[in-house]
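Here's the structure we're looking at; comments come further down.
The values are calculated or read from the model by the stated rules, or taken from the named source; none is laboratory data. Since this is a predicted model, take the numbers as computed values, not measurements. Cβ sites come from the backbone with ideal geometry, for glycine too, and all protein chains shown count toward neighbours. Accessible surface areas use protein heavy atoms only, side chains included; no ligands, DNA or RNA. Shrake-Rupley method; radii C 1.70, N 1.55, O 1.52, S 1.80 Å.
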Amino acid sequence: KYIFYEEIGRGGSGKVFKAYDRHLQCLVAVKRFRAEDRISEKELSMLKELRHPVFPAVLDFMEDREYKYLVMEYIEGRDLEDYIRENAAVDQEQAVEWALELAEVLTELHERKCPVVYRDMKPANIMIDEKNHVRLVDFGTALLRYQEGDEACAGGTWGYAAPEQFVKGGGSMVDERSDVYGLGTTLFHMLTGCDPSKPPFFMLPVRFYDRKLSAGLERIIRKATEREKEKR
């Protein structure tokens, strides 16, 4: 049913391939997991519930002896990480526009009857579609706000994720403010071109990199990325 073309992404929860659906005659994105991996079922359930234009639509789910496959809408465009790499940084006005769209996405997740904490906000998980709008992909790390246990806190990307996401046994510490931190680090990366997940692993005020950047944005990023979530 599917012709696999190329690998277009990978992470802790699986690999993503660009494929062609011979029945529907269209491109799709197929996320492949190991058969024993339970993350695929959680991601499938979450995406089916969300059903929002910003999130990729689920089209199919299959499994064999070795793998499980989550088939999703293929989003034409490129990810934000590639955009930053090609342009050195994102123009301030454009960065603010995309950050506001991402804030609306997080609001959509956080204000659901059963809130979702995304936990892995970073440029590699943000697609810029053909209309120049953001689309959020990869829900393998997301969790329900009131999920309990160690599994709930173990997730995210070092440099982008909030400090409480790496506290052993601190699942209850992770909440909506953890996503605020991820949005702050992502905005920092957009404006400066510096990846906080790579050496030297820290963020200086954005106007250290470019004095023309807004002092207001600098304050916003500093507040969003406070180590203590009560201060965000």
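One table, with the values for the structure above:
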item	result
Cα-based equivalent ellipsoid of segment 1-75: semi-axis lengths in Å, sorted from largest, via gyration tensor	17, 16, 11
Whole-number percent relative contact order across the chain, with pairs defined as alpha carbons under 8 Å at least 6 apart	14 percent
Exposure rank, largest accessible area first [D175, D60; 1.4 Å]	D60, D175
Computed lengthening from R227 to N132, 0.36 nm per intervening residue step minus Cα-Cα distance	31.0 nm
Protection-proxy order for peptides 4-10, 94-100, each taking the mean of Cβ atoms within 10 Å per residue, highest first	94-100, 4-10
P(r) tail fraction, segment 156-200 - alpha-carbon pairs more than 14 Å apart, %	49 percent
Residues whose placed amide H lies under 5 Å from that of D79, excluding near-sequence neighbours	I128
HN-Hα J in Hz across segment 223-232 - Karplus 6.51, -1.76, 1.60, θ = phi - 60°, x for Gly and Pro	5, 5, 10, 4, 5, 8, 5, 5, 9, 6
Whole-Hz ³J(HN,Hα) from phi, Karplus 6.51 cos²θ - 1.76 cosθ + 1.60, for segment 61-70, glycine and proline x	8, 9, 8, 10, 5, 9, 9, 10, 10, 9
Relative pair counts by distance (%), Cα atoms of segment 49-136, 5 Å bins	3, 11, 20, 22, 18, 13, 8, 4, 1, 0
Nonlocal amide H pairs with V116, under 5 Å, H built at 1.01 Å	H110, R145
K168, K122, K113, K1, reordered so the largest accessible area comes first (probe 1.4 Å)	K113, K168, K1, K122
Selected from I126, I84, I220 as most flexible by GNM, with the chain as the system and alpha-carbon contacts under 10 Å	I220
Karplus-derived HN-Hα couplings along segment 217-222 (A = 6.51, B = -1.76, C = 1.60, θ = phi - 60°), whole Hz, x at Gly and Pro	4, 4, 5, 4, 5, 4
Computed [θ] at 222 nm, helices only, for the chain once each DSSP H run of length n ≥ 4 contributes -39500 (n - 2.57)	-9000 deg cm²/dmol
Compactness of the chain as Cα Rg over 2.2 N^0.38 Å, two decimals	1.02
Distance from segment 12-37 to segment 207-229 (C-alpha centre basis), Å	38 Å
